[in-house]
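Scroll down for the structure; my scribbles are underneath it.
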Amino acid sequence: MDIGDSLAGTLGRRAVSGLVFDKDGTLFDFTATWGAWAGQVIAAETTGAPERRAKLAQTLGFDLATGRFEASSIVIASTAREIAEAAMPYLTDTSVEDVLVRWNELAETAPQVEATPLKPFVDRLKAAGVKLGVATNDAERPARAHLQAASVLADFDFVAGSDSGFGGKPEAGQLLAFCEATGLSAVECVMVGDSTHDLHAGRAAGMICVAVLTGVATHDDLAPFADVVLPSIAALPAWLGV
């Protein structure tokens with residue numbers, strides 16, 4: 001289903017009271033934000049062992065020459081722990097826990113490129129009375145830091161990372177926790193994301209699923225799993241009719 005479909009045709013009799021957003025590739029442009037972070041991580045982790053640089057980049061699905069992620073990159077949808085565990089064969093004298101600390105510290109300060117100006121976007125949704133949440137496979141602390149830097153953290157009713165105790169996507173735990181925190185039922189809610197992990201989680205929770213194209217996945221990748229595919233979250237208020 002594409003953006004041209006009417007709101008009524010998409011939602012039927014289901015009113016939307018809650019929106020759950022993925023973070024990276026959805027609220028923030030994925031490549032513009034995380035390309036710099038990946039370059040920093042790869043350089044820092046292979047200091048003194050440059051022969052491991054290419055292998056680590058390959059494991060992360062990151063092209064050092066172009067500064068872009070491959071469509072199959074583990075970084076796109078996996079949890080921070082899963083990414084760290086995959087990188088361990090190319091790191092020296094460290095542990096997964098130490099890697100997570102270092103990478104999360106770098107992530108907190110990674111320059112975030114908003115997919116659309118977030119403050120007016122969020123204000124418009126809040127004015128319509130919609131509850132807002134973030135469900136990310138990033139860790140919760142950097143997620144909160146990024147939302148705070150965009151001046152929208154206080155506007156979100158719920159923020160969960162893969163380390164918040166609800167699991168990670170494509171499982172539905174974070175989304176169901178949003179429902180519990182807000183008192184909404186899943187059928188009143190929409191999951192908005194840029195990866196199939198986001199859409200599978202939304203479907204498993206019983207939510208409407210909206211895909212956006214500000215990540216690495218293409219329209220054809222996402223359309224089979226989404227109720228609608230939008231170019232970015234900027235199109236969401238008009239699609240919702242708010």
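The values are calculated or read from the model by the stated rules, or taken from the named source; none is laboratory data. Here the structure is a predicted model, which means the values were calculated and not measured. Cβ sites come from the backbone with ideal geometry, for glycine too, and all protein chains shown count toward neighbours. Surface accessibility is based on the protein's heavy atoms, side chains included, excluding ligands, DNA and RNA. Shrake-Rupley method; radii C 1.70, N 1.55, O 1.52, S 1.80 Å.
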Determine if region 80-101 includes at least one residue that is within 13 Å of the chain's Cα centre (by Cα) and within 30 Å of G48 (Cβ to Cβ). yes
* To do: Scan region 149-156 and give yes if some residue there is in a helix (DSSP H, G or I), out of contact with any helix residue (DSSP H, G or I) (no Cβ under 7 Å at 6 or more places or on another chain) and not hydroxyl-bearing (S, T, Y), otherwise no.
  => yes
For region 220-242, pairs from a residue that is charged (D, E, K, R) to a residue that is not in a helix (DSSP H, G or I), with Cβ under 6 Å and 6 or more apart or across chains, are D227/M1; D227/I208; D227/C209
Considering region 143-166, residues that are within 18 Å of L19 (Cβ to Cβ) and of a type in the set (D, E), and then whichever is surrounded by the most Cβ atoms within 10 Å (Cβ to Cβ), we arrive at D157
Practice task
Consider L199 carefully, then state whether it is touching a strand residue (DSSP E or B) at 6+ places or on another chain (Cβ under 8 Å), open to solvent by less than 30 Å² (accessible area, probe 1.4 Å), assigned to a helix (DSSP H, G or I) and more than 24 Å from K126 (Cα to Cα).
Solution key: no
Within region 100-122, of all residues that are within 17 Å of F21 (Cβ to Cβ), assigned to a loop (DSSP other than H, G, I, E, B) and among the hydrophobic types (A, V, I, L, M, F, W, C), the one least open to solvent (accessible area, probe 1.4 Å) is A115
Right, E97: loosely packed, with under 15 Cβ neighbours inside 10 Å, touching a helix residue (DSSP H, G or I) at 6+ places or on another chain (Cβ under 9 Å), on the phi < 0 side of the Ramachandran plot and without any contact (Cβ under 8 Å) to a residue 40 or more places away in the chain or not? yes
Fill in: Filter pass, D138 being within 28 Å of R102 (Cα to Cα), among the acidic types (D, E) and in a helix (DSSP H, G or I)
no
Screening V190, V242 for residues that are closer than 18 Å to D157 by Cβ and not in a strand (DSSP E or B) leaves only V242
Of those in region 204-225 that are in contact with a strand residue (DSSP E or B) (Cβ under 8 Å, 6 or more places away or on another chain) and in a helix (DSSP H, G or I), the residue surrounded by the fewest Cβ atoms within 10 Å (Cβ to Cβ) is H219
* Going by the structure shown, is L125 in a strand (DSSP E or B), over 24 Å from T31 (Cβ atoms), touching a residue at least 24 places away in the same chain (Cβ under 8 Å) and in contact with a helix residue (DSSP H, G or I) (Cβ under 9 Å, 6 or more places away or on another chain)? -> no
Screening L132, L176 for residues that are touching a residue at least 24 places away in the same chain (Cβ under 8 Å), among the hydrophobic types (A, V, I, L, M, F, W, C), surrounded by fewer than 21 Cβ atoms within 10 Å (Cβ to Cβ) and assigned to a helix (DSSP H, G or I) leaves only L176
